[in-house]
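Note sheet for the following structure.
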Amino acid sequence: MKKTKKMLALLAGSAMIISSLAGCGQSPSATQGGNESTKQADAGQDSGKKAESGAKEKIRVFTFFTGSDQWAPVWSEVIDEYMQANPGIEIVDESAPTAGANDVFRTKMQADIAARTPADLCLFYTGADGKPLVDSGLFVDLGPSMEADQDWSKNFKQSALDGQKYDGKQYSLPYLGYYEGLFYNKKLFDQYSLEEPTSYDNIMKAVEVFAQNGIPAFAASMAKPSYVLELAILAQAGAEGHKNYFDDSWAPALDCIADLYQKEAFPKDTMTISEDDIRLMFKEGKAAMMFNGSWCVSALEDNPDMRLISMPALPGGKGGESCALAGFGSGWFLSREASERSEESLKLLKYLTSPEIMQRFIAVGGSSAVECQAPEGASELMKSAVLMLNKATYTDTAIDSQVSREAWMAIADDGTPYLVEGKKSSLDLLAEARKIQEAVNR
C-alpha cells in the first residue's frame, strides 16, 4: 500500500503528495512567483531573434502534468510564461495522464522510443523504468552540461542527483518527489511545557508526560508500522548504515520501538488501528506526534501548530537532521536530437529546474530536488518540511522500496507485533528478514 501511495505521489499527484499537498486546483502561492519566473525565462531571450524572421523553434515536451494531475495548472502557467518571454520558441505540450485503467503515459513513451521519435524534453519514470530510455541512445548524459554551468547545477541536491545516475552518468535530473518525517503538534508540547521533539531525550520526556495525562505520544500502528520502522532505522543507522539491509546494527532501532510500546507511547488500539484513523487522531490533536509522509501535509497545514522534522538520532545513532527519507521516482531526460539541434531545449530545462519555478510546484505538492526556499505564503508546516529537506546532506528512498516485500514484512507487519510484545527479539527478526533477502538475491 505504501509503495502505491508513493508512486501516485510522484507521478499521478492524486493522493498527496500525494494526498499530502494535494489539490487539483492551483494554490494562490503558485501564482505569486510569476514576475520572478518571467525573469528566469528571459535567460532564453536570444531565441526571440528567430521571431523576427517569423520562424519559431518548436520544443516538444512530454510530462504527466495534464488532466486531473495536481501540478497541471502550474505547468500550463509556467510554459505559457516562458513562450511569452521567448517569442522565438513554441512549446508543444505532449503530456499524457498516468491515472486510469490504461497507462497512456507509459504507453506513449514506449511507442515514441520504438519509433525513435521521443519528445525533446521528457519527464519520465527513472530507475529500472528509465533504463530503456538510456539504452535507446536517444538521450544525452547531462553531466557535461551541469559541469559547464555550475550556477545552475549547484542548486540540485547531490544525493538526489546520485540516485538517478546510470553507470555513473546523469541521464536524468530528479524533479518532484515524496518525503517522510516526524510530524508534531507544537501546541501540545507548549501546553505541557515540553521542549519540542528535536532530540531523543526530549521525545522520551514527552512520552512520559503525555502518558501521565492519558495522551498517546504517537499516533501509530504496530500492525502497519512501516513509517515508524523506516524513520527509526534511519535515525539509528544514518547515511553510513542505511543500506546495510537487515544488519544487526539496526537492532537498536527495533528495540527503541519496543521500548516506546512498553512506555505506552502508542494508542491503546495500536494493534488494530487503521492508517486513516491514525491521521485523524493526529489531526484532531489527540496524539502529539506521528510518523508519516508528504501525502499528509495538505490535510494538516491549516493548523499553524503543525511541524515536520527528521527523526532525531537515537542514542548512539548516526542519523538526525542531516538525514531525510525522500525519493524521486521521475526525472527530466533531454533528447540527443534536441541537444544537437540547438541549446534551446537545455535552456528550457534550466528554467524548469530553477529554484523560483520549483517553489511554485512544491506550493501545490511534493518535495523538490532543487534547493529552494518555502513558497511565499507557505504554511508553518510547509516551511518546516522545506527546512527539513534543505538541512539533510543525505537523502534516500524508503527501505521497503529497496528490498523484497517478503523480507521487509518479516520485520514490519508480520514481525513488529511479536517484537513489541516480547515474543521475538530484534536480532531474531533481522535474521529472518536477512535470510529471506539473501534467498531473493541468489
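The values are calculated or read from the model by the stated rules, or taken from the named source; none is laboratory data. Note that the structure is a prediction, hence the values are computed from the model and not measured. Please note: Cβ atoms are built from the backbone with ideal geometry, for glycine as well, and neighbour counts cover all protein chains shown. The area values use the complete protein model at the heavy-atom level, side chains included, leaving out ligands, DNA and RNA. Shrake-Rupley method; radii C 1.70, N 1.55, O 1.52, S 1.80 Å.
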Just name one of Met109, Asn86, Asn303: the one whose Cα is farthest towards the positive end of the charge dipole of the chain (beta-carbon charges, Lys/Arg +1, Asp/Glu -1). Met109
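At a 10 angstrom cut-off on C-beta neighbours, averaged per residue, how do the peptides 251-259, 191-199, 143-151, 373-381 rank from highest to lowest? Before the final figure, lay out the partial values.
Working: 251-259: 20.1, 191-199: 14.9, 143-151: 12.1, 373-381: 17.9.
Going by the mean number of other Cβ atoms within 10 Å, highest first, we get 251-259, 373-381, 191-199, 143-151.
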Across Lys58/Lys169; Lys286/Lys391; Lys186/Lys383; Lys131/Lys435, pairs whose alpha-carbon gap is larger than 21 Å: Lys58/Lys169; Lys286/Lys391; Lys131/Lys435
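Please report, as a whole percent, how much of the solvent-accessible surface of the chain comes from carbon and sulfur atoms (probe radius 1.4 Å).
Here carbon and sulfur together make up 49 percent of the probe-accessible area.
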Bin all alpha-carbon pair distances of the chain at 10 Å intervals from 0 and give each bin's fraction as a whole percent. 4, 21, 30, 23, 14, 6, 1, 0
The stretch 332-430: relative contact order as a whole-number percent, Cα under 8 Å and 6+ apart: 13 percent
Hull volume per residue for the stretch 246-359, using the convex hull of the C-alpha atoms, in Å³ is 199 Å³
For the stretch 216-328: accessible area per residue (Å², 1.4 Å): 36 Å²
In whole angstrom, how far apart do the alpha carbon centroids of the stretch 194-257 and the stretch 151-177 sit? 30 Å
Relative contact order for the stretch 279-347 using alpha-carbon pairs under 8 Å, separation at least 6, rounded to a whole percent? 14 percent
Per-residue ellipticity at 222 nm attributable to helices in the chain (runs of n ≥ 4 DSSP H, -39500 (n - 2.57) apiece, nearest 500 deg cm²/dmol) works out to -12000 deg cm²/dmol
